[in-house]
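Have a look at the structure below before the remarks.
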Amino acid sequence: MSACSCDNACQECLKHYRNSIYHSHLDRLSALQLLSWAKDGKIAHPASYTMQEKMVKPFIGILEDYGISVDFGNDVMKAKRNDSRQLTLSEKALTLMVYPAMLVKPKDSNAIFISDFEARYSGAYAVENIKTALNM
Ligand SMILES: [Zn+2]
């Protein structure tokens, strides 16, 4: 499973005839995290910045439609409202981070956290989380 290079799951790693009704739910990266935790007690670490950026980019257009811009800097993503009438905290850019879905959602008033599951499979939910964090 770790040697496969597919995005979610394929016939080479997880998919086979007997689990065909679950194919749309299979995710080899989540499975590897779960197996590592169950076997060795290792807790999943956040994906690399490059991977987080790759997970967020597909819904940048939707965020822009809602008046939210995301700045992809050096190892830090920042999200902020574009509404120039807001002169309060809500205009402050917040760090945007993707965390492993198997972990408890981190808390930090200067950051927005979306799970890797939301980012990969539920962009609409991730967008709502970002809007809420920016008081929209
Ligand atoms: Zn695969």
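Values in this text are rule-based calculations from the coordinates and carry no lab data. These numbers were taken from a predicted model, which means no experiment stands behind them. Note: ideal-geometry Cβ built from the backbone for every residue, glycine included; neighbour counts use all protein chains shown.
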Original post:
Hey, what did the stretch 41-134 get for relative contact order, percent, Cα under 8 Å, at least 6 apart?
Top reply: 25
Original post:
Which of the peptides 32-44, 109-121 is most tightly packed, and how do the rest follow, going by the mean number of other Cβ atoms within 10 Å of each residue?
Top reply: 109-121, 32-44
Subject >> Histogram of C-alpha separations across the chain, 5 Å bin width, % >> reply: 2, 9, 18, 20, 17, 13, 9, 6, 4, 2, 1, 0
Original post:
Sorted by average packing, counted as other Cβ atoms within 10 angstrom per residue and highest first, what order do 92-99, 58-65 take?
Top reply: 92-99, 58-65
Original post:
Can you list the lysines whose alpha carbon is less than 30 Å from that of residue 80, not counting same-chain residues fewer than 8 positions off?
Top reply: 54, 57, 92, 105, 107, 131
Subject >> Rounded to whole Hz, the Karplus (6.51, -1.76, 1.60) HN-Hα couplings of the stretch 116-130, x for glycine and proline >> reply: 4, 5, 4, 4, 7, 10, 9, x, 4, 5, 4, 4, 4, 4, 5
